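Okay, so here's the structure we're looking at.
The values are calculated or read from the model by the stated rules, or taken from the named source; none is laboratory data. For clarity, every value in this text was computed on a predicted model and none was experimentally measured. Note that we place each Cβ from the backbone using ideal geometry, even for glycine, and neighbour counts take in every protein chain shown.
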Amino acid sequence: MLSKYFFILGLFFLSLHLSAQQQVNIIPQPVSFHLNNGSFIIDNKTSLKFNASGKGLKEAARFFAGYIESVSGINLFENAGTSKVIELKLEKVPGIGDEGYLLIVTPVSIIISANSTAGIIYGMQSLFQTLPAVRTNAALTVPCLEIRDYPRFKWRGMHLDVSRHFFSPELVKEYIDLMAAYKFNTFHWHLTDDQGWRIEIKKYPKLAQVGGWRVDHTDLVWGQRPQAVDGEAPTYGGYYTQQQIKEIVAYAALRNVTIVPELDVPGHSAAAIAAYPFLSCTQQPQLPLTGGNYTGMSSNLCPGSDSVFLFLQDVYSEVINLFPAQYIHIGGDEVDKSPWKNCTKCQARIKAESLKDEDELQSYFIKRMEKLIVGKHRKMIGWDEILEGGLAPEATVMSWRGEAGGIAAAKMNHDVVMTPGNPVYFDHYQGDPATEPLAIGGFNSLKRVYEYEPIPKELDEQQTKFVLGAQANLWTEYITTAEQVEYMVLPRMLALAEVVWSPKEKRNWNGFNDRLQTHFRAFDQKGLHYSKGNFKVDIKPASQNGLLFATLSTEAYKGEVYYTTDGSQPTLQSKKYTEPVDINSSLVLKAVSVVNAKIMSLVPAQQFFVMHKAIGKNVTYTNPVSRYYMADGPNSLTDGIRGTNVIGKYWHGFSGKDLIATIDLGEEKNIQSIIVGCLQNYNDWIFLPQSVKFETSANGADFEELQTVSNPLSINEKKAQYDFKVTFAAKAIKYIRVTAKNNLCPPGHSGEGKPGWIFADEIIVE
Ligand code: ACM
Ligand code: ZN
């Protein structure tokens, strides 16, 4: 009996030890990491040792002990004087900088040493990742290990928009906890925007009391919400009191998270204007916006008005007193400068300051903001539009419209933070939109985030030093709950953590996925919401010399791809993908991700191909294709690849002009039909052409009309895909010209009277 008992006990200890080992899956990947034999047990005989005079160490020790108690019930402070110690040691450690740490676990001690408390805090965070995720009320087993670690970048940021939706202080703290767990150090708090002002300002109380509340139209999607009308109760919103802000700032500081506040000016200020109409050029009263309908609203401050600058002086003084951060974010993005053109004060300012135009007026405004901020011994950071009209002398640039702004700023010896929409806008989809919760658009999967490299190739060695780091942004037009916030950042913020912390050469997609599984289990235990992955198969069609093929891939962890080409739903009995698929005829390819013999894609990815007589033939355009919608290159209309329901994919876009395309078939071919495939997407200003004219020519110069086909659908149709087609008795043709007539946005549309877009995917010649 006895031996059997010991045998079972032995097994128990063995598995305990193994499971402890398995759980050491630290994200972000440390610089160096060694797992050793044995373990340290945190129990009622373990005490915490630290030098109470070390700067911030006492608070850090309390934070540490609090965490240990929360997962085990063990109070390290009650065990003072015992021989088994966890020691927090501030000392000189070469080569690991301000935020680095050493974590050494042996059977008799755990020692975290660092040059600063920040490093100690990160050592703790790594240690926490070896512990159970939730309370166990048992001794804690920490495997023996040695970690030497420090970050790659000094700006490791996460942003949260609390204007489009107000989030409680509890959610903000949870967000900061997540950031701290993955060693982010900068929380960019987007506190004001057109749809809500979220910070109490003592001198201007109406900013929060009026600007913080709007009429509730949450039941409608952002772009379709009606504006508020007088008399409707503004019931939706909230704001943070200065007392709450102070608490959150302190909460973050304890976790080595600095909060960079953003009060977005001079644009995105409709909520402030609702509170104080004197701030705008027109000075007309208005109500806080309920969503994306800006018709007749002012969203810009008036830089021609001196009282606006006095207001900003007061507001920013209060903000700077609340936030100890080195950086203050002034926004500066997306200013529609047309109201300034019609404002006598703005025009007078332009004249008085000898400014060239409204771009320079924006620059004038930003430079005055910088003076104000620098006068208070802080640094100004703004979105990349602050480059327009001339950059303020010491400004730091946050590059969001791609990396171009960041590259330009670094070349001018200005600091930059990289936060390009693609791939670090976390309000974008992370999986197949067909199966994900509604999001604003875009597609930034976990893998794309993981593969992001913040240092652009365009910068030389010297210039790369200006890249402070990177940040993900979470705009909340489509995010209204704490659960959704979690879902959109998890697990993508773990991927970004590794981008900004770990050495570049240590990044490894498969290894990251292996480690991620442990974090998924922790999320499950803690009840955190997260995306389980992008299971949409990526179908990459390509055409070369008139031949078509497709490569298929999946991001799914340990995933395989199964596909069909006969239009049927792929199953586990379908073909397994091993090499590029040749496309020899018109067909639809459908594909699913499979993990552990289970189909993970709820909806198969699919791609249509058409074989026809113009495949691979040269197309010339009278009006150029928009550089934003190039599809797969200049001959996209003759590549055999039909557009998908994703606007960016395989559609050629033409803005405000007609699509006039001429195809040279190279030789006379016997033709009897021509089709132009077009898209309508009303909300994105994309309309089917009014009509398509089909013409042919023998010499490429003199064209003869076959027919003009009118659009049979209403211009108010929300979404449509339509093939404009002409058929005729077969004849020999060498040149074809199609002319698709553009539309203006129709009456009632948010762009009424402005030029629309034409989107086309293929000219099919048969
Ligand atoms: C931004 O996304 N407007 C900075
Ligand atoms: Zn003005």
Quiz item: Do you know which residues across the stretch 319-336 are at pLDDT 95 or above and within 15 Å of ligand 1 (Cβ to nearest atom)?
Solution: His329, Ile330, Gly331, Gly332, Asp333, Glu334, Val335
Quiz item: Between residues in the stretch 548-570 that are in contact (Cβ under 8 Å) with a residue 12 or more places away in the chain and residues that are surrounded by fewer than 21 Cβ atoms within 10 Å (Cβ to Cβ) and of a type in the set (Asp, Glu), which pairs lie under 8 Å by C-beta distance while being six or more apart or on different chains?
Solution: Leu548/Asp582; Phe549/Asp582; Leu552/Asp538; Ser553/Asp538; Thr554/Asp538; Thr554/Glu560; Glu555/Asp538
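Every residue, every condition in (1) in contact with a strand residue (DSSP E or B) (Cβ under 8 Å, 6 or more places away or on another chain); (2) buried (at least 17 other Cβ atoms within 10 Å of the Cβ), yes or no:
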| position | (1), (2) |
| --- | --- |
| Ala439 | yes, yes |
| Leu446 | no, yes |
| Glu458 | no, no |
| Thr464 | no, no |
| Asp514 | no, no |
| Gln517 | no, no |
Self-check item: the stretch 606-633: number of residues that are more than 27 Å from the chain's Cα centre (by Cα) and surrounded by fewer than 15 Cβ atoms within 10 Å (Cβ to Cβ)
Solution: 4
Quiz prompt | One residue from Leu474, Leu494 being within 18 Å of Thr186 (Cβ to Cβ), of a type in the set (A, V, I, L, M, F, W, C) and either surrounded by fewer than 20 Cβ atoms within 10 Å (Cβ to Cβ) or more than 16 Å from ligand 1 (Cβ to nearest atom) (or both) | solution = Leu494
Self-check item: Out of Ala271, Ala253, sole residue that is buried (at least 19 other Cβ atoms within 10 Å of the Cβ), more than 16 Å from ligand 2 (Cβ to nearest atom) and not acidic (Asp, Glu)
Solution: Ala271
Practice problem: Write out, first by first residue and then by second, each pair whose Cβ atoms fall under 6 Å of each other, whose residues are 6+ apart or on separate chains, and whose first residue, in the stretch 300-315, is of a type in the set (S, T, N, Q) while the second is outside any helix (DSSP H, G or I) and within 11 Å of ligand 2 (Cβ to nearest atom). | Solution: Asn300/Pro266
Self-check item: the stretch 313-361, subset within 14 Å of ligand 2 (Cβ to nearest atom), among the aliphatic types (A, V, I, L, M) and in a helix (DSSP H, G or I), residue surrounded by the most Cβ atoms within 10 Å (Cβ to Cβ)
Solution: Leu361
Quiz prompt | Count of residues meeting criterion [buried (at least 18 other Cβ atoms within 10 Å of the Cβ) and more than 25 Å from Phe311 (Cα to Cα)] in the stretch 223-247 | solution = 4
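Residues are listed down the side, and each one gets a yes or a no for (1) closer than 20 Å to Glu262 by Cβ; (2) away from ligand 1 (no atom under 16 Å from the Cβ):
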residue: Thr344; (1), (2): no, yes
residue: Leu361; (1), (2): no, yes
residue: Phe365; (1), (2): yes, yes
residue: Leu372; (1), (2): yes, yes
residue: Gly382; (1), (2): yes, no
Quiz item: Can you name the residue in the stretch 686-700 that is modelled with pLDDT of 95 or more and of a type in the set (A, V, I, L, M, F, W, C) and, of all such residues, is nearest to the chain's Cα centre (by Cα)?
Solution: Ile686
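In this structure, is Ile440 of a type in the set (A, V, I, L, M, F, W, C), in contact with a His (Cβ under 6 Å, 6 or more places away or on another chain) and touching a residue at least 12 places away in the same chain (Cβ under 8 Å)?
Details: of a type in the set (A, V, I, L, M, F, W, C): yes; in contact with a His (Cβ under 6 Å, 6 or more places away or on another chain): no; touching a residue at least 12 places away in the same chain (Cβ under 8 Å): yes.
So Ile440 does not fit the description; no.
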Quiz item: Out of (1) within 15 Å of ligand 2 (Cβ to nearest atom); (2) polar (S, T, N, Q); (3) modelled with pLDDT under 95, the odd one out for Gln284 is which?
Solution: (3)
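Each row is one residue, and each column tells you yes or no for (1) within 16 Å of ligand 1 (Cβ to nearest atom); (2) in contact with a Phe, Trp or Tyr (Cβ under 9 Å, 6 or more places away or on another chain); (3) among the small types (Gly, Ala, Ser); (4) not in a strand (DSSP E or B).
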{"position": "Gln244", "(1), (2), (3), (4)": "no, no, no, yes"}
{"position": "Val249", "(1), (2), (3), (4)": "no, yes, no, yes"}
{"position": "Asn256", "(1), (2), (3), (4)": "no, yes, no, yes"}
{"position": "Pro261", "(1), (2), (3), (4)": "yes, yes, no, no"}
{"position": "Ile273", "(1), (2), (3), (4)": "no, no, no, yes"}
{"position": "Gln283", "(1), (2), (3), (4)": "no, no, no, yes"}
{"position": "Met297", "(1), (2), (3), (4)": "no, no, no, yes"}
{"position": "Asn300", "(1), (2), (3), (4)": "yes, yes, no, yes"}
{"position": "Ser307", "(1), (2), (3), (4)": "no, yes, yes, yes"}
Quiz item: What tally of residues in the stretch 224-261 results from selecting those that are under 19 Å from Leu57 (Cα atoms) and among the aromatic types (Phe, Trp, Tyr)?
Solution: 1
Quiz item: So which residues in the stretch 168-209 are hydrophobic (A, V, I, L, M, F, W, C) and in a helix (DSSP H, G or I), if there are any at all?
Solution: Leu171, Val172, Ile176, Leu178, Met179, Ala180, Ala181, Leu207, Ala208
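Scan Asn681, Asn645, Asn699, Asn711 and give me the residue that is surrounded by 20 or more Cβ atoms within 10 Å (Cβ to Cβ) and in contact with a strand residue (DSSP E or B) (Cβ under 9 Å, 6 or more places away or on another chain).
Values: Asn681 fails: surrounded by 20 or more Cβ atoms within 10 Å (Cβ to Cβ); Asn645 fails: surrounded by 20 or more Cβ atoms within 10 Å (Cβ to Cβ); Asn699 fails: surrounded by 20 or more Cβ atoms within 10 Å (Cβ to Cβ).
Of the residues listed, the single one that is surrounded by 20 or more Cβ atoms within 10 Å (Cβ to Cβ) and in contact with a strand residue (DSSP E or B) (Cβ under 9 Å, 6 or more places away or on another chain) is Asn711.
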